[in-house]
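**Q** This is the structure I have questions about; it appears just below.
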Amino acid sequence: MNKKILLPVMALALTFASCDMDKEPYDSIPTDEALVTPTDFESMRNNLYRMMRISVGNTSAINAPDIQCDEFNAVAGYLGTFGYMYTWSYAENLQEAGTVYGNYQAVIATSNFVIDGYNKCDMSNETVFTPDAMKEVNETKGVAFFTRAFALYNLAQYFCIDYEDDATADAPNSGVSYRLDFYPSDDVATYPARKTLRETYAQIVEDLDSAAKYITVAPERSNYYISTDAVKAMQARVALSMDNYPLAAQLASEVANSTTYRFANSVNNLNNMWEHGTSSTTDPETIFKLSVRNVDERVGQMGQIYWPAREGQSPDYLPTQAVINLYPEGDYRKSVYFSLEDMQTNTGESGSVYILSKYPYEGYLYNLNSGDEYSRAMVQPKVFRISEMYLIAAEAYAMMGEDVQARSYLGEQMRNRIRNFNISSELGSLTGQDLLEVIREERQREFLGEGMRLFDLKRWHLGVTRGTPQNESMCLQPGSATTTGLVKGATDNQIVWPIPQAEVNANPNVVQNPGY
């Protein structure tokens, strides 16, 4: 079988596999085969979900951007995980950048393969392409549009500046390098250059509009499939990134106001959501998540860098005291997200400190896989949760100056996270920048350790000032520029990750980001 790849440095998964969503893909896209039956489309749809799982849950995607920021301190004697990110000493050969870039480019190429295959497929045989079969085939096309938009958006988050005004949006080479067709070739002249940021986001919006036309999966709690609400949630996320506040507020509030989802509004419910969240009962907040069940489907390290790997060992990273102080008394998240432990570092320093326990040490996946130690502190990636919709609506309304609406959505979010929280007395008549600051703090509390912090800081045009440690003597290089001394401005070039050097070398049409 003749197999080529779109970009020489990016190995593209996947081939036709079993329709069993629990099986891993194992090969590259077959360029000399076509999508000819409904079963072919079903197989490729499952592949797209698997590729999303690999991309979203990957260690480089979910952990590295958080470690780069202000919420964690490396522990003395740690294993060196994400050391370049933590110390901001990385360059264009950054491994994490290569992993994230390659995964999402593979998603784009596979999405193109499906969309092209749909457009070329002869579906005139009504015996094969029955109405029920066509519904599934159309659903696959919708998933392909969604996954392409999702990949383009995430590439823009990691590798592009913030979408702001005309000067930034229209700057040459400010966007993503991509094709909209499946065209494997070893001719470098055909490799795509970077678009502008405006062109990139316009394509994201167009693809999501297309996805909305084909996706018909009904919204439900703890959904493993891209539903109509998942499309709307993604559109709201994109609109906020584009500073399209009216649209972001409209879409986010529509999902937030749905009766489908409910908050895990107690310590027990919140703990169940993270430790046992696999059903609509235990995971009532999740709009869309990705299936992970067996050992072979594990993705990344997730919470493993925050827990001691084995008894008597220390974790690689501790949350800062500054971030712990953000959680008030009565905040359900404080007892779920943090665990007070007596700990000794590999270099002999000891103390009683809080570790991040948001990803349960022996949760659902650990028990499902009979106590497999590498399944500790792992969860099924939660792509969209209802809390994000409330916070998008709050931020968008605040940016429009509609403070009453902003306080309403922020208050509902906080009321479901903090015991005895009184919206009127706690938020009162908060307006303007003061209101925005509370929204930002609540977003930081809610999404700690979920890989969102870098992109939030970039959107808010804020730099990185690493927080005060819990116990500085237990930190790597205490008192140095890696603890409280680390300060990076909002315009620091390393806020934007480098295009992988291997990609720049292979594709002469790609321009590297400034400063690398």
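**Q** Regarding the range 411-420, can at least one residue be identified that is among the polar types (S, T, N, Q) and over 19 Å from Leu240 (Cα atoms)?
**A** Our first condition is that a residue be among the polar types (S, T, N, Q); within the range 411-420, this holds for 413, 416, 420.
Still in the running and over 19 Å from Leu240 (Cα atoms): 416, 420.
Scanning the range 411-420, I find at least one residue that is among the polar types (S, T, N, Q) and over 19 Å from Leu240 (Cα atoms), so the answer is yes.
**Q** Ok, one more. Is it true that Asp283 is touching a residue at least 40 places away in the same chain (Cβ under 8 Å), in contact with a Lys or Arg (Cβ under 8 Å, 6 or more places away or on another chain) and among the charged types (D, E, K, R)? Please lay out each step first, then the result.
**A** Numbers: touching a residue at least 40 places away in the same chain (Cβ under 8 Å): yes; in contact with a Lys or Arg (Cβ under 8 Å, 6 or more places away or on another chain): yes; among the charged types (D, E, K, R): yes.
In short, yes.
**Q** Oh, and also: Mind checking whether some residue in the range 162-175 is touching a Ser or Thr at 6+ places or on another chain (Cβ under 6 Å), assigned to a loop (DSSP other than H, G, I, E, B), open to solvent by 20 Å² or more (accessible area, probe 1.4 Å) and acidic (Asp, Glu)?
**A** Taking every residue of the range 162-175 in turn, at least one turns out to be touching a Ser or Thr at 6+ places or on another chain (Cβ under 6 Å), assigned to a loop (DSSP other than H, G, I, E, B), open to solvent by 20 Å² or more (accessible area, probe 1.4 Å) and acidic (Asp, Glu).
**Q** Residue check: is Ile392 open to solvent by less than 50 Å² (accessible area, probe 1.4 Å) and either of a type outside the set (Ser, Thr, Tyr) or touching a residue at least 40 places away in the same chain (Cβ under 8 Å) (or both)?
**A** On the way: open to solvent by less than 50 Å² (accessible area, probe 1.4 Å): yes; either of a type outside the set (Ser, Thr, Tyr) or touching a residue at least 40 places away in the same chain (Cβ under 8 Å) (or both): yes.
Considered against the rule, which asks whether it is open to solvent by less than 50 Å² (accessible area, probe 1.4 Å) and either of a type outside the set (Ser, Thr, Tyr) or touching a residue at least 40 places away in the same chain (Cβ under 8 Å) (or both), Ile392 comes out as yes.
**Q** Working carefully through the options Tyr361, Tyr374, Tyr354, find the one that is modelled with pLDDT of 85 or more, more than 26 Å from Gln477 (Cβ to Cβ) and open to solvent by 10 Å² or more (accessible area, probe 1.4 Å).
**A** Details: Tyr374 fails: modelled with pLDDT of 85 or more; Tyr354 fails: more than 26 Å from Gln477 (Cβ to Cβ).
Among Tyr361, Tyr374, Tyr354, only Tyr361 is modelled with pLDDT of 85 or more, more than 26 Å from Gln477 (Cβ to Cβ) and open to solvent by 10 Å² or more (accessible area, probe 1.4 Å).
**Q** For Ile62, indicate whether it is under 18 Å from the mean Cα position of the chain (by Cα) and over 27 Å from Ser375 (Cβ atoms). I'd like the intermediate steps shown before the answer.
**A** Values: under 18 Å from the mean Cα position of the chain (by Cα): yes; over 27 Å from Ser375 (Cβ atoms): no.
Taking the combined requirement at face value, the residue does not satisfy it.
**Q** Give the residue, chosen from Val383, Val353, Val323, Val336, that is touching a Gly at 6+ places or on another chain (Cβ under 6 Å) and either within 28 Å of Arg443 (Cβ to Cβ) or in contact (Cβ under 8 Å) with a residue 12 or more places away in the chain (or both).
**A** Details: Val383 fails: touching a Gly at 6+ places or on another chain (Cβ under 6 Å); Val353 fails: touching a Gly at 6+ places or on another chain (Cβ under 6 Å); Val336 fails: touching a Gly at 6+ places or on another chain (Cβ under 6 Å).
Matching residue, one of Val383, Val353, Val323, Val336: Val323.
**Q** Another question, then. Every residue in the range 476-492 that is surrounded by 13 or more Cβ atoms within 10 Å (Cβ to Cβ) and modelled with pLDDT of 95 or more, please.
**A** Lys488, Ala490, Asp492
**Q** For residues in the range 120-143 being among the acidic types (Asp, Glu) and in contact (Cβ under 8 Å) with a residue 12 or more places away in the chain, which is surrounded by the fewest Cβ atoms within 10 Å (Cβ to Cβ)?
**A** Asp122
The values are calculated or read from the model by the stated rules, or taken from the named source; none is laboratory data. Just so we're clear, the structure is a prediction, and the values are computed from it rather than from any experiment. Virtual Cβ from ideal backbone geometry, glycine too; neighbours counted across all protein chains shown. Calculation scope for accessible area: heavy atoms of the full protein, side chains included, ligands and nucleic acids excluded. Shrake-Rupley method; radii C 1.70, N 1.55, O 1.52, S 1.80 Å.
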